[in-house]
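The structure appears right after this line, and notes come after that.
The values are calculated or read from the model by the stated rules, or taken from the named source; none is laboratory data. Every value quoted in this text rests on a predicted model; they were computed, and no experiment measured them. Virtual Cβ from ideal backbone geometry, glycine too; neighbours counted across all protein chains shown.
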Amino acid sequence: MLDNPATTTQYPVTKRAFGLPILVLSGLNLMVILDGTIVILALPRLQEQMGLSSSGSAWTVTAYGLTFAGLMLLGGRLGDLFGRKRVLIIGVLIFTAASLACGLAQNEAMLIASRAVQGLGGAIAAPSAMALVVSTYAPGSVRNQAIAVFASMQAVGSVGGLVVGGALTQLDWRLVFLINVPIGVFIVLGAVMVLRDTAQHRLALDVPGSVLGTAACVAVVFGATEGPAMGWTSPWIIGSLVAGLLLLVAFVLVERTAENPVLPLSLFRHRDRSVTFVALLLGSGVLAGMTYFVAQFLQNVIGYSPLVAGVASIPFTLGAGVGTAVASKGAMVVKPRWLLAVSAAILSASGIYGSTLDGGVSYAPTLLILLVGAGLGVGVVIVVAPLCLLVGVPATEVGPLSAIGQMIFNLGTPLAIGILSPIAASRTLALGGRTGRAADMSPSDISALSSGYTLVLLVCGIGAAIVGVIALSLRYTPQELAQAQQAEKQAQQN
């Protein structure tokens, strides 16, 4: 039964944004974003105390990212079909239960499986949160304030994930996951008390497309991640890579005929939009690769504690904050291809120079400058590229296209870590070193491990340069980006 359409114009909150509803919704946004970064600084401790393998470390990140990104659009459709409040609560319950399982994990398999279920819960809950912000707060200044608070969790989560992750790991790595349990309980209770459900709409769900797309990514990442350990000629590795390609072909065929596809292929008919999708995917991969392997370098090679490594990484996030502020203003007066090309050049220089470092490098000024510079480049990309996606798009289509852009951006993290981890491991093993617990390694082993990490930074630098070259082909103007920004604001008010 559909809700009465008239009720959709009655907003529970009309006077002030700050209160329990925004705490619930922004708390969810913060929790989901935190879990993308909070675990990274815990990985060396997991290797030491649980015996987590090199590939297991990568899977701890990618298992969450693949299910979260791959099923996010399906989660949004579930909210449309069954009501946003109901779906959000179900998603948070799944996420919270999986977080508890992660915190109680006794082995690598249990941890990775629980992380995948965490991603599933996040994919179900997160898409409904923004829609509930819009339906809870009346248009105008109240909704603008609520959206600002909700969006600010992106920056808070990025910084907090590093610092909180390091601090909790210093005490006990299990707290990195268990911290989600009380937060999840608060969100569920708050949602039941103060949120009102949205109208339900009958629509077709593209379950086959979502499952095939996610399965294709999992198969490719499995083949790439496990290749160094199992051998590239292993039937399991070859079979996994072939299966991934076949699943990808099946995904494209299903999307061509689906009534309501999760990834409409018509989006790729526009050349500049296709270029932007590629730049967004590669850009997010460069960001993920640098964040992940710099964190490992700081702890396993230089010897920082988790807390010190977290604090030492803050300049990267602060640089990203400056980059987003500069890009928001600069995009209105400078052609986006030049902004993206310059930011890619900064990222490329950071990655290439970072590839020359070793365990004797000093934090200030060398690492400090590299972290700030890399963050600055990333900040520009994550503002300009999403705006390029919205050029020429009416306000009614901004939401769906933004969701697809967000999915592609989130997909870059697990794909990059899944592909780059075996590159680092192969380099380390080729130099006679070994992966795993750095605490048990000899100086020569640490040197080989360092060489693997720095090789990945070189690959990230090359990837950033490719993003810059691709970006130079964009034909958008500052005026078109200004119109896209206005369409985005208008969409948030509807």
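When you look at THR96, is it surrounded by 20 or more Cβ atoms within 10 Å (Cβ to Cβ), among the β-branched types (Val, Ile, Thr) and within 18 Å of the chain's Cα centre (by Cα), yes or no? No.
Considering only residues of the stretch 100-121 that are of a type outside the set (A, V, I, L, M, F, W, C) and within 15 Å of VAL61 (Cβ to Cβ), which is nearest to the chain's Cα centre (by Cα)?
Just the residues of the stretch 100-121 that are of a type outside the set (A, V, I, L, M, F, W, C), to begin with: 103, 106-108, 114-115, 118-119, 121.
Checking which are within 15 Å of VAL61 (Cβ to Cβ) leaves us with 108, 114-115, 118-119.
Numbers: GLU108: 22, SER114: 18, ARG115: 14, GLN118: 14, GLY119: 11 Å.
Selected residue: GLY119.
The residue of the stretch 302-357 that is modelled with the lowest pLDDT, among those that are part of a loop (DSSP other than H, G, I, E, B) and closer than 26 Å to ILE33 by Cα, is SER313.
For (1) among the aliphatic types (A, V, I, L, M); (2) out of contact with any Phe, Trp or Tyr (no Cβ under 6 Å at 6 or more places or on another chain); (3) under 23 Å from LEU171 (Cα atoms), each residue gets a yes or a no:
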| site | (1), (2), (3) |
| --- | --- |
| LEU46 | yes, no, yes |
| GLN49 | no, yes, yes |
| SER53 | no, yes, yes |
| SER57 | no, yes, yes |
| ALA63 | yes, yes, no |
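Restricting attention to the stretch 12-51, the residues being over 23 Å from the mean Cα position of the chain (by Cα) and within 29 Å of SER141 (Cβ to Cβ) number 10.
Let's see how each residue does on (1) of a type outside the set (Phe, Trp, Tyr); (2) within 30 Å of ALA17 (Cβ to Cβ); (3) without any contact (Cβ under 8 Å) to a residue 12 or more places away in the chain:
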site: GLN106; (1), (2), (3): yes, no, yes
site: ILE124; (1), (2), (3): yes, yes, no
site: PRO139; (1), (2), (3): yes, yes, no
site: ALA146; (1), (2), (3): yes, yes, no
site: ALA167; (1), (2), (3): yes, yes, no
site: LEU189; (1), (2), (3): yes, yes, yes
site: MET193; (1), (2), (3): yes, yes, no
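Among helices (runs of 4 or more DSSP H) entirely within the stretch 378-494, having at least 3 residues that are within 19 Å of SER55 (Cβ to Cβ) singles out 395-430, 443-471.
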